[in-house]
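Read the structure below first, then the notes.
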Amino acid sequence: DFWLKLGRALGRMLRALQRSCSRSLLQRSRQFSSEEGPLVSLTHGANGVSKLLLQRPKKLNSLSLPMITELTEKYAGLAAAGTKCLILDGEGRALCAGGDVAEVRQGVLDGSTSPQDFFYDEYYLDYQIATLYERTGIIQVSLWDGIVMGGGVGLSVHSPIKVATEKTLFAMPETGIGLFPDVGATWALTRLKAGSAVGMLLGLTGQRLGAADCMYAGLATHYCPSERLPALEDKLRSLGPQVSDLDIVSSVVSEVAGDSKPDQEKAVLESNAAAIDRCFGSSSDAVAEEIAERLKAEGSEFADKVLKTLLSKSPLSVKISLEALKRHQSVTLREAIITEYRLAHWCMRDQPESDFCEGIRAVLVDKDNQPKWVPPTLEEVTAAQVEQFFAPFPDDHPRGELKI
């Protein structure tokens, strides 16, 4: 009789716990669905010119899973709708400030499969955008008229035309949250016009760039003052059949921009190019500790600032990022993104296996900006720790390898 009563009591406790967990998951799901208005809008204009607008301005258009799903559906229907040129823009101060990683962190702590779903669907979408012109001939014109970070880079950096303005703020800050420069950036950053050393700097430190630096690096293809963007859109819509010609579209952006040039006052890349090359160049066999030593030996104000930034990042993330940037110098974008999904999967663990949850806690949840990294120094991160982030998935992985 005692054991029967105990079993019933435990059963009631378990059912209550299940109801509580279900309510918690439902509440978080409703946080997405209760946002006012659509998250994304797509309008089809004259002569095959469409405009895709991200509409989550209070969150700086950060990508939630429902937003990624909606974007994937809209991109899939572009060709059938007769789109020849797609203008990508964001409402408010950002194109997109990244993924909604605070929600992803909660999924990790809850032990749900939502983090795997988020990164799988995000990287799938990024690759579809990256190959959009190759597959369909649709020219994406990405307007960097504000903040472009993380997931926002993934939506736009692989497109053939990227227009920076005086409002542009570009960064891949992932090593500061226990992640790595993903969304195909481990591939793109090693192929910059300014050289792979600049890409290493950006990927390892999250260095923020304005329009002048984006142009110098080769991240942006054009500069145009923000106030002229409406005129640019009108000009594109008036092109007629020529809107399918990449060279003509490119020349139109230049024509509208006229002789305007980005402000060089806060630019740092070109003036420090030699130091960047000395510290981050020739890194095919360099380890992160060597890069830190080079920065220390450099002794300039710029190098000291970069060193301080580098040493503030997750040591584990810095070493994972460096290894990925090295490996992806000699692979295709497709291969790089497939590997990035593996890396993202292994990052979706709590400490001591990964710094992701701690990084998000410090930056976005508690906002104390005092992360406690494990291990705390570059020297304590072993090659074996880094290598296991590149390991294949276990058989019970909820999504399996990324299929693109």
Beta bridge orientation in the chain: antiparallel %, DSSP, nearest 5
20 percent
For the pair residue 110/residue 260, report the inter-label distance in nm, with labels modelled 7 Å from Cα in the Cβ direction.
4.4 nm
Checking the a/c ratio against 1.5 first, then a/b against b/c, what shape does the Cα gyration tensor give for segment 283-404?
oblate
Under 19 Å Cα to Cα from residue 84, which lysines show up? Leave out anything in the same chain fewer than 8 places away.
51, 74, 162, 235
Qualifying GluC sites (Glu not before Pro) in segment 141-241, DSSP loop, other Cβ atoms within 10 Å at most 16
166
Residue span residue 379 to residue 43: 0.36 nm per residue of separation minus Cα-Cα distance leaves a gain in nm of 115.7 nm
Could you list the trypsin sites (Lys or Arg not before Pro) in segment 130-200 that lie in coil according to DSSP, counting only those with at most 14 other Cβ atoms within 10 Å of their Cβ?
193
10 Å-binned pair-distance histogram of segment 172-259 (Cα, whole percent):
16, 36, 26, 20, 2
Around residue 169, which amide H atoms from residues at least 5 apart in sequence, or from another chain, sit under 5 Å from its own amide H, with H modelled in the peptide plane?
146, 147, 148
What is the local net charge at residue 380, summed over the other residues whose Cβ is closer than 15 Å to its Cβ (Lys, Arg +1; Asp, Glu -1)?
-1
Under 5 Å between amide hydrogens, which residues at least 5 positions from residue 87 or on another chain qualify, with H placed 1.01 Å from N in the peptide plane?
50, 51, 52, 141
Can you spot the lysines whose alpha carbon is less than 22 Å from residue 308's alpha carbon? Ignore those fewer than 8 places along the same chain.
266, 296, 319, 367, 372
If you take every residue apart from residue 357 with its C-beta less than 13 Å away from the C-beta of residue 357, what net charge results, scoring Lys and Arg +1 and Asp and Glu -1?
-3
Applying the gyration tensor rule to the Cα atoms of segment 340-404 (axes a ≥ b ≥ c; rounded if a/c under 1.5, else prolate if a/b exceeds b/c, else oblate), the class is oblate
Environment charge at residue 212 (Cβ cut-off 12 Å; Lys +1, Arg +1, Asp -1, Glu -1):
-3
Can you list, largest first and rounded to whole Å, the semi-axes you get for segment 60-165 by taking the square root of 5 times each eigenvalue of its Cα gyration tensor?
25, 17, 10
Which residues' amide hydrogens lie under 5 Å from the amide hydrogen of residue 162, considering only partners 5 or more residues apart or on another chain, with H built in the peptide plane?
142, 221, 222
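Read the figures in this text as sums done on the coordinates, not as results from a lab. Quick caveat, the model's predicted, so the values are computed rather than measured. Note that we place each Cβ from the backbone using ideal geometry, even for glycine, and neighbour counts take in every protein chain shown.
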